[in-house]
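The block underneath contains the structure these notes are about, expressed in structure tokens.
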């Protein structure tokens, strides 16, 4: 698989994909795919065998420019397309900030970490309230604020 990078006006990526797909079909240009990665605003990747085919495809299309004639391998753009989930390691005693749900914005102390088939759940005690209040939240709803340091 060989890809070529295109520069597109930001916010016009989806319409550019539609235009390029229609042009490839109508002109008979051998293009295998046009990829838009939402995290990469202003860029498209076109899968084709030759740079000449891609330059023919973008010729005359406003707000679309071919960046370079050098092909890009799939391995080079794989990390941009496939996002690896961020692994958060949380243990009892850590302070976390709640980033989703009804308690968004609050800080909490981790009482325990419960792992199950459904995922990781945290038993938390909200910090900064007048009285202790325990809640349970999935790991995806928190971000580590302070890690408990073990002194030996």
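Of all residues in the stretch 20-43, those satisfying the criterion of being touching a helix residue (DSSP H, G or I) at 6+ places or on another chain (Cβ under 8 Å) and in a helix (DSSP H, G or I) are 20, 23, 24, 27. Is it the case that some residue within the stretch 32-51 is on the phi > 0 side of the Ramachandran plot, surrounded by 13 or more Cβ atoms within 10 Å (Cβ to Cβ) and more than 17 Å from the chain's Cα centre (by Cα)? The answer is no, given that none of the residues of the stretch 32-51 is on the phi > 0 side of the Ramachandran plot, surrounded by 13 or more Cβ atoms within 10 Å (Cβ to Cβ) and more than 17 Å from the chain's Cα centre (by Cα). Based on this model, can you work out whether residue 30 counts as in contact (Cβ under 8 Å) with a residue 60 or more places away in the chain and either touching a strand residue (DSSP E or B) at 6+ places or on another chain (Cβ under 8 Å) or more than 13 Å from residue 1 (Cβ to Cβ) (or both)? Criteria not met by residue 30.
Within the stretch 103-134, the set of residues being at pLDDT 85 or above and not in a strand (DSSP E or B) comprises 104, 105, 106.
What do you reckon, is residue 100 without any contact (Cβ under 8 Å) to a residue 60 or more places away in the chain, surrounded by 10 or more Cβ atoms within 10 Å (Cβ to Cβ) and in a loop (DSSP other than H, G, I, E, B)? Answer is yes for this residue.
Can you tell me which residues in the stretch 124-137 are in contact with a strand residue (DSSP E or B) (Cβ under 6 Å, 6 or more places away or on another chain), free of Cβ contacts under 8 Å to residues at least 24 places away in the same chain and surrounded by fewer than 16 Cβ atoms within 10 Å (Cβ to Cβ)? So that I can check it myself, show each step before the final result.
Step one: filter the stretch 124-137 for residues in contact with a strand residue (DSSP E or B) (Cβ under 6 Å, 6 or more places away or on another chain), giving 124-127, 132-137.
Narrowing the set further to residues that are free of Cβ contacts under 8 Å to residues at least 24 places away in the same chain leaves 125-126, 132-134, 136.
Listed by number, the residues that qualify are 125, 132, 133, 134, 136.
Select from the stretch 58-82 the residues that are exposed (fewer than 12 other Cβ atoms within 10 Å of the Cβ), modelled with pLDDT under 85 and within 21 Å of residue 9 (Cα to Cα) and write down the one among them that is nearest to the chain's Cα centre (by Cα). Among those that are exposed (fewer than 12 other Cβ atoms within 10 Å of the Cβ), modelled with pLDDT under 85 and within 21 Å of residue 9 (Cα to Cα), it is 68.
The values are calculated or read from the model by the stated rules, or taken from the named source; none is laboratory data. Everything numeric here is computed off the predicted structure, so don't read it as measured data. Positions of Cβ are backbone-derived with ideal geometry, glycine not excepted, and every protein chain shown enters the neighbour counts.
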